[in-house]
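The values are calculated or read from the model by the stated rules, or taken from the named source; none is laboratory data. Everything numeric here is computed off the predicted structure, so don't read it as measured data. Every residue, glycine among them, receives a Cβ derived from its backbone with ideal geometry; neighbour counts consider all protein chains shown.
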Amino acid sequence: MFFRGGGIMVMMPKQFPKNFESSKYETKIYRQWERSGSFRPVSKKDGSPFCIIMPPPNANESLHAGHARFVTIEDVLIRYHRMKGDKTLWLPGADHAGIETQYVFEKKLAKEGKSRFDFDRETLYRMIWDYVAANRGDMENQLRALGASCDWERNTFTLDRKIIALVYRTFLQLHRDGLLYRGKRIVNYCPRCGTNLSQLEVDSVERTDTLYYLDYGPVKIATTRPETIFADVAVAIHPTSKGKQDLLEQQAIIPLTGKRIPIIEDSLVDPLFGTGALKITPGHDAIDFAVGKKHNLEAITVIDGAGRMTNVPDAYKGMKADQARAAVVGDLEKSGLLLKTEPITHVVGVCYKHQSLIEPMLSEQWFIKMKPLAEKAMKAIKNKEVVFPVRRFEKISYHWLKNIEDWNISRQIVWGMRIPAWQCAHCQEWIVTDGKKPVRCVSCKGADLHQDTDTFDTWFSSGQWPFATLLTQSLSKSKPSSNDFKQFYPTSVMETGYDILFFWVLRMIMIGLYSTGKVPFKTVVLHGLVRDIRGVKMSKSKGNAINPLEMIGRYGADALRMSLVWGGLIENDINFDEQKIKGQRNFANKIWNIGRLLAINTDDSKTRAAVRNKTVHDRRIMKQLAVTVQTATRAIESYKLNIAAEILYEFVWHQFADVYLESIKKKTETGEVYIPQPSLGIAHSVFRDILKALHPFMPFVTEAMWQRMSYGKKTMLIAESWPKYKTKS
RNA sequence: GGGCGUUUAGCUCAGUGGCAGAGCGUCUCGUUUACACCGAGAAGGUCGUAGGUUCAAUCCCUACAACGCCCACCA
């Protein structure tokens, strides 16, 4: 028997607005879902656990189009699995975003005429904490506006005490396992951020600079950085250089100071570049550092953390590095030691965030040995313990893991987790703990211990996010389901932008495997970036960023969501086009009006009289529905969300509305439209399944319609079950 | 220097070893008691180029080109 909407009722057109006014429903419906506890994981008979840990957005920033895309994709998966009957958990969170947040806060301080140096560490930390706490609600409300059906009772912040405790535990464990070390290395120091950055946080840009040819006595060298000559400790030539033996017996002379340094040979030198001789400056260049180490040379620092000259002749002391370059070049010219100059186009490192020039600097930092961790990750990928449905991401991941380098995890900022390591003032020994201050030095028993002032790279803690969030849930006694970790780990899907594949996803796999012995998630689904209509990456500074809330206000959350998955594969970049949202707003309205047509004609006294047999149209629409739902189901299961969205759109609009409803629509003598039975019943039955199948994509209009039609009696659509059709044999 | 991706209608993009698809845009017509946030229809493509495999290639293979992205220690 076919379901007939809401029994006997006559709905006057006036009571049923012609357009779906999204803003009238969205907030109300979301609150209804949230209050009813629909976002909590619930066990059904044959459901299996399904869990996504949300990539925590920066607690301090508003959401942009990229967030809207991930929310849509993840919410589609979550709602689908929930309807399928799986025990479904989507765990939300917020990220403290160390460097970025501190930078934003410092800009704010600067506006007030202050700087971070005006405050002690604790005060500064507290100020940033309050600042973030005040802004955090905005981001969370934006997630709600987008319809994210995540479990707010499990909402977690990356700086929650329990999370910090777990991160410290991992750090200590790495130390005990010999995977952690403190080393003096060339690091990428960003003078603007006031901290060093990992290799990943440094971008390369091509620049044209001047190449200076300098007279070093018996040899000539070419350099782009004449201000660093005071840190030179040798000049290297290639082993096949002409007159090598002769040169090796002599000494090179640093211009201006006259200091004598050895001439050495090393195959790293390119004999065809410049003069074929390379000045070795281990204190300010990574290659030189490597060469210096090989030849047992000292590393001299001549630029300090503020980017000023130090440890140089008085004439240059205190100058900024670029001023010093001009001064040095001028003096070289005067003394005739500048042989010639030529322009050179080369690649330099810049800060990924501000594009400011990176200063390679010698510094002592905490490092994690990555090779052993990466090997386990590669094995897990090979064994398909973690699957990349889009093959190219697996290839890229594997390649990166194979060539991985040690990870510098200490940052010179206060906003973040302070590193739980103390140095003994007496014997200089470092003591690592799980967060508690040690009483005495383990080696000399000294009691004068000082905690490291650095904090962890944010990615070090977020690399532990999947197990940390689930474990801290388990530690909570107040919550009914205190075994989240046991139930949901490894999680089902990790969904995030491909731009943080290396930063985050692969590190989660490595640390997850290390800490728990298991991969943190079984499937990695990556989405492409949202660009502007011309294909340019969106950013606030370019002014081409779109505000999701504005789009929601204009077209509704459903329309925005659909537009972000419709018309392109999720793994590819998309160009954001407002026309597309508009089209989906029209679609939401179409759904609304299908409901309106069915509702205003549900008059039994009229339709009962016209009962007849099923027609070709009736039978065809039933079949098309079955095929559509099956295809959509398969598409969602294989993360081809665009296919699912598109086929549902096509079916609803062009098969159901344009063809079927038109074919069954009748008019009375007075011109009133009505639909006779059994077609009306069939139409209702098809429409019910349409609402269900579209619900993951367009949760608001479908829920609003579901309730309006009283399809579920007292249940909400969010809690309904996914339509099932037997696969054709 | 290595790697990856893209190239299909005016635009944005799906897709398949067997008549080339969607949305938007354009044009024509229609309806105005489900929806103008509507309907019916039309125009528009040598599926980047050149070879190869095949009965058959937009799809598979090879080379090339253009564009884009990622990685990399030539000062």
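Things to note:
- Unique match (being more than 39 Å from the chain's Cα centre (by Cα) and free of Cβ contacts under 8 Å to residues at least 12 places away in the same chain) among A:G318, A:G274: A:G318
- Criterion: surrounded by 15 or more Cβ atoms within 10 Å (Cβ to Cβ) and either more than 36 Å from the chain's Cα centre (by Cα) or of a type in the set (D, E, K, R) (or both) - qualifying residue of A:D658, A:D689: A:D689
- Residue match in segment A:321-334 (condition: in a strand (DSSP E or B) and in contact (Cβ under 8 Å) with a residue 12 or more places away in the chain): no
- Candidates in segment A:581-600 are the residues that are within 6 Å of RNA strand B (Cβ to nearest atom) and of a type in the set (K, R); of these, the one that is nearest to A:S710 (Cα to Cα) is A:R596.
- Residues in segment A:31-61 that are over 22 Å from A:Q473 (Cα atoms) and either surrounded by fewer than 17 Cβ atoms within 10 Å (Cβ to Cβ) or of a type in the set (D, E, K, R) (or both) were compared, and the one that is farthest from the chain's Cα centre (by Cα) is A:K45.
- Within segment A:623-649, tally of residues that are over 29 Å from the mean Cα position of the chain (by Cα), more than 11 Å from RNA strand B (Cβ to nearest atom) and crowded, with 16+ Cβ neighbours inside 10 Å: 8
- Here A:N188 passes the criteria (1) of a type in the set (S, T, N, Q); (2) assigned to a helix (DSSP H, G or I); (3) surrounded by 17 or more Cβ atoms within 10 Å (Cβ to Cβ) except the one numbered (2).
- Any hit, segment A:410-420, residues being at pLDDT below 95 and not in a loop (DSSP other than H, G, I, E, B): yes
- Residue that is nearest to RNA strand B (Cβ to nearest atom) [pool: residues in segment A:298-315 that are over 41 Å from the mean Cα position of the chain (by Cα) and closer than 20 Å to A:I221 by Cβ]: A:V312
- Hits in segment A:368-394 - residues which are within 24 Å of A:Y168 (Cβ to Cβ) and among the basic types (K, R): A:K369, A:K371, A:K376
- Tally of residues being part of a loop (DSSP other than H, G, I, E, B) and of a type outside the set (F, W, Y) across segment A:689-710: 5
- Where A:T628 falls short, out of the listed (1) among the β-branched types (V, I, T); (2) assigned to a helix (DSSP H, G or I); (3) farther than 30 Å from A:H527 by Cα: (3)
- Qualifying residue in segment A:390-412 (condition: more than 18 Å from A:F503 (Cβ to Cβ), surrounded by 14 or more Cβ atoms within 10 Å (Cβ to Cβ) and more than 16 Å from RNA strand B (Cβ to nearest atom)): yes
- Answer residue from segment A:201-224, given it is crowded, with 17+ Cβ neighbours inside 10 Å and not in a strand (DSSP E or B) and is nearest to RNA strand B (Cβ to nearest atom) among those: A:E201
- Scanning segment A:574-619 for residues that are modelled with pLDDT under 90 and more than 29 Å from A:I546 (Cα to Cα) yields a count of 21.
- Residue in segment A:528-550 that is over 20 Å from the mean Cα position of the chain (by Cα), under 14 Å from A:L146 (Cβ atoms), part of a helix (DSSP H, G or I) and within 15 Å of RNA strand B (Cβ to nearest atom) present: no
- When A:L200, A:L180, A:L174 are checked against the criterion of being at negative phi, modelled with pLDDT under 85, of a type in the set (A, V, I, L, M) and touching a Phe, Trp or Tyr at 6+ places or on another chain (Cβ under 9 Å), A:L200 stands alone in meeting it.
- The single condition among (1) among the aliphatic types (A, V, I, L, M); (2) within 30 Å of A:K369 (Cβ to Cβ); (3) touching a strand residue (DSSP E or B) at 6+ places or on another chain (Cβ under 7 Å) that A:I164 does not meet is (3).
- Hits in segment A:553-570 (condition: surrounded by fewer than 17 Cβ atoms within 10 Å (Cβ to Cβ) and either within 23 Å of A:T523 (Cα to Cα) or near RNA strand B (Cβ under 8 Å from one of its atoms) (or both)): A:G567, A:G568, A:L569
- When we screen A:V652, A:V673 for residues that are within 10 Å of RNA strand B (Cβ to nearest atom), more than 30 Å from A:H81 (Cα to Cα) and in contact (Cβ under 8 Å) with a residue 24 or more places away in the chain, the only hit is A:V673.
- The condition (being at pLDDT below 95, in contact with a helix residue (DSSP H, G or I) (Cβ under 7 Å, 6 or more places away or on another chain), of a type in the set (G, A, S) and under 30 Å from A:P360 (Cα atoms)) is satisfied by just one residue among A:A110, A:A97: A:A97.
- Of all residues in segment A:235-291, exactly one satisfies the criterion of being of a type in the set (D, E), more than 15 Å from RNA strand B (Cβ to nearest atom) and part of a loop (DSSP other than H, G, I, E, B), namely A:E249.
- Applying the condition of being in contact (Cβ under 8 Å) with a residue 60 or more places away in the chain and of a type in the set (S, T, Y) to segment A:71-95 and asking which residue is farthest from A:V565 (Cα to Cα) yields A:Y80.
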